[in-house]
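Below is one structure, written out as structure tokens; the observations come after it.
The values are calculated or read from the model by the stated rules, or taken from the named source; none is laboratory data. Note that this is a predicted model, so its numbers are computed, not measured. Please note: Cβ atoms are built from the backbone with ideal geometry, for glycine as well, and neighbour counts cover all protein chains shown. The accessibility values were calculated without ligands, DNA or RNA, using every heavy atom of the protein model including side chains. Shrake-Rupley method; radii C 1.70, N 1.55, O 1.52, S 1.80 Å.
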Amino acid sequence: MKKEAVNWPEAVKPLLKKYKDKPHPLEAKNVYQYLVLVVLSAQSSDALVNSIAPELFDAFPDMEALSQATPEALLPYISKIINNRNKAKWLTGIAAIIKEDKNIPLSMDALVKFSGIGRKSANVILRGAGAPPEGIIVDLHVLRVAPRLGIAQGDDAVKIEKQLMETLPKSEWDIGMAISFLGREICRPKPACDKCLMNKVCDYFNNYLGGVVVGK
């Protein structure tokens, strides 16, 4: 029997409601901080990036201060971060162009032109700024969870983002962050399917697990 297609715009509403307006796990207080932290967070945990943020922002409180810094001046503050030398070059290079917080561009096209900022980072910055979404955040958690749900397929972030954007109306494009939170809290590498509000429509739960909670 052919599997009934999921009405995803309707199915994701409870998930969007649960995580509506929940801030990104990076503890940024403004757009400048979001930009800096998302560049630093590539291949590093949010917890590690958050731990170095206070001293970093005490030393470089805004884009103007950062624009006057050399990569070498930045390194002592980000020494625990993976790929710190390149990230120091990227951040000081971005700051040298932008110069002031008010000049931070809030468009996808402008943001991805900077070294160290890809679509995922740009989407996080735009969300943190409260700007209209131009895409959907696809991080490592979304890469794991979206195919499990069946709302997207594959393991390529750009392709998964495209599928999500084609499947959902723009009013639901915060789904990336909602799926990310689901992946952090419930749909971990070993998922807690019994606690998941999406298990009724989840492809992994209903087809791979047969709709039965493992261990029950």
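A compact table of results
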read-out	value
Using θ = phi - 60° and Karplus 6.51 cos²θ - 1.76 cosθ + 1.60, couplings along segment 180-185 (whole Hz; Gly, Pro as x)	4, 5, 4, x, 6, 9
Cβ-placed point charges (K, R +1; D, E -1), dipole of segment 116-216 about Cα centre in debye, nearest 20	280
Estimated distance in nm for a label pair at R184 and K89, the labels positioned 7 Å out from Cα along Cα-to-Cβ	3.1
Reachable aspartates and glutamates from K22, criterion Cα separation under 12 angstrom, eight or more residues apart if same chain	D174
Assigned charges on the beta-carbon of Lys, Arg, Asp, Glu; segment 1-124 dipole about Cα centre (debye)	680
Solvent-accessible area of S44 with every protein chain in place, 1.4 Å probe, in Å² to the nearest 10	20
Largest-first ellipsoid semi-axes for segment 1-53, taking √(5λ) over the Cα gyration tensor eigenvalues, angstrom	34, 14, 9
Rounded FRET efficiency, nearest 0.05, which uses the C-beta distance separating N7 from D62 and R0 of 45 Å	0.50
Label-to-label distance, nm, for residues given as A131 and L106 (7 Å Cα→Cβ offset)	0.8
Positive dipole terminus of segment 1-120, leading residue within A5, F57, Q43 (C-beta point charges)	A5
D101 accessible area, 1.4 Å probe, all protein chains in place, Å² to nearest 10	60
Amide proton proximity set for G118, modelled H, under 5 Å, gap of 5+	none
In Hz, Karplus ³J(HN,Hα) per residue of segment 158-174 (6.51, -1.76, 1.60; θ = phi - 60°; x = Gly, Pro)	5, 5, 5, 4, 4, 4, 5, 5, 7, 8, 10, x, 4, 5, 10, 6, 7
Estimated D of segment 1-118 in µm² per second, where Rh is the Kirkwood radius over Cα pairs and Stokes-Einstein applies at 20 °C, 1.002 mPa s	135
Under-5 Å amide H pairs with D174, H placed in peptide plane, nonlocal only	none
Hydrodynamic radius by Kirkwood, which averages 1/r over all alpha carbon pairs of segment 97-154, in angstrom	12.6
Solvent-free Debye scattering, log10 I(q)/I(0), computed from the Cα coordinates of the chain at q = 0.10, 0.12, 0.15, 0.18 Å⁻¹	-0.48, -0.66, -0.94, -1.22
Against the rule of thumb 2.2 N^0.38 Å, how large the Cα Rg of segment 49-146 comes out	1.12
Area accessible to solvent at F181, 1.4 Å probe radius, in Å²	10
Positive-end residue of V138, P23, P191, charge dipole of the chain with Cβ unit charges	P191
Karplus (6.51, -1.76, 1.60) ³J(HN,Hα), θ = phi - 60°, over segment 84-96, in Hz, Gly and Pro reported as x	5, 5, 5, 5, 5, 5, 4, 5, 5, x, 4, 5, 4
Heavy-atom SASA rank of E4, E166 (probe 1.4 Å, accessible area, largest first)	E4, E166
Dipole moment magnitude, nearest 20 debye, the chain about Cα centre, only Lys, Arg, Asp, Glu C-beta charged	740
FRET efficiency estimate (nearest 0.05) - Cβ-Cβ, Q43 to K99, R0 25 angstrom	0.35
In nm, spacing of pseudo-spin labels at K113 and D156 (7 Å Cα→C-beta vector)	2.6
Positive-end residue of A95, Q153, I117, charge dipole of the chain with Cβ unit charges	Q153
